[in-house]
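One structure is given below, encoded as structure tokens.
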Amino acid sequence: MANASSKKIASTNKQAINNLTNGLLIVNAVYFLWRVVYHWSSFTFTQFLLYATTGGLTFLFYRILVSSGTPSYAADGSLIGSGDDLNSEGLTAYMFDIIYVTWFVHITTAFISNKFWMVYLVIPGYAAYKLIPMALSYFGRGKGQSSEASVETKSKRQAKLEKRANKGGQVKYAR
């Protein structure tokens, strides 16, 4: 039974890797055929540089996800290791998010407008949104706020317990 969760992780990882591979091939083929081949006259060096950089970053994240999430099997077909769970939170989820943003930008810049390259500003904006509060609490700005908030948000039960503790330990016995 303990191997059932490993098999489930292996099958979801295999499906995620297949979807990632198909998406990577389709998006890059569509971008290349539509933007580079069909609209070659408007394809500038700057657009090539942006596409190469973002495509390279996407391919790097793709290779990391494939290498960490690929299950390993024995010669007889039994599962040795399921690989890292690609549905986990943290850096794995952020890599998927960056890949999806890249695909969106490539498709929209191919068909709609080059101004969609600005969508990439969402990534450092989100990183700042997550990192600034962490940095502020690390440098001490957030410490005073958290202690004041905990004093103000005591539940009724906590207030009763503190009141009893401050009473001096007087216990009344009833018969």
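The values are calculated or read from the model by the stated rules, or taken from the named source; none is laboratory data. Note that this is a predicted model, so its numbers are computed, not measured. Every residue, glycine among them, receives a Cβ derived from its backbone with ideal geometry; neighbour counts consider all protein chains shown.
Among residues of the stretch 25-48 that are surrounded by 10 or more Cβ atoms within 10 Å (Cβ to Cβ), those with a beta-carbon under 6 Å from a residue that is modelled with pLDDT of 80 or more and of a type in the set (A, V, I, L, M) at least six positions away or on a different chain give the pairs Tyr31/Ala110; Trp34/Ala110; Arg35/Ala110. Among the residues of the stretch 1-20, are any in the same structural domain as Val105 (by TED's automatic domain parsing), within 30 Å of Ser88 (Cα to Cα) and outside any helix (DSSP H, G or I)? Yes - at least one qualifying residue is present in the stretch 1-20.
Take the stretch 67-104 and flag every residue that is touching a Gly at 6+ places or on another chain (Cβ under 9 Å), assigned to a helix (DSSP H, G or I) and touching a residue at least 40 places away in the same chain (Cβ under 8 Å). Scanning the stretch 67-104 gives Gly69, Ile99, Thr102, Trp103.
Would you please name the residue that is farthest from Trp40 (Cα to Cα), looking only at residues in the stretch 105-132 that are without any contact (Cβ under 8 Å) to a residue 40 or more places away in the chain and over 18 Å from the mean Cα position of the chain (by Cα)? Taking the candidates together, the pick is Met118.
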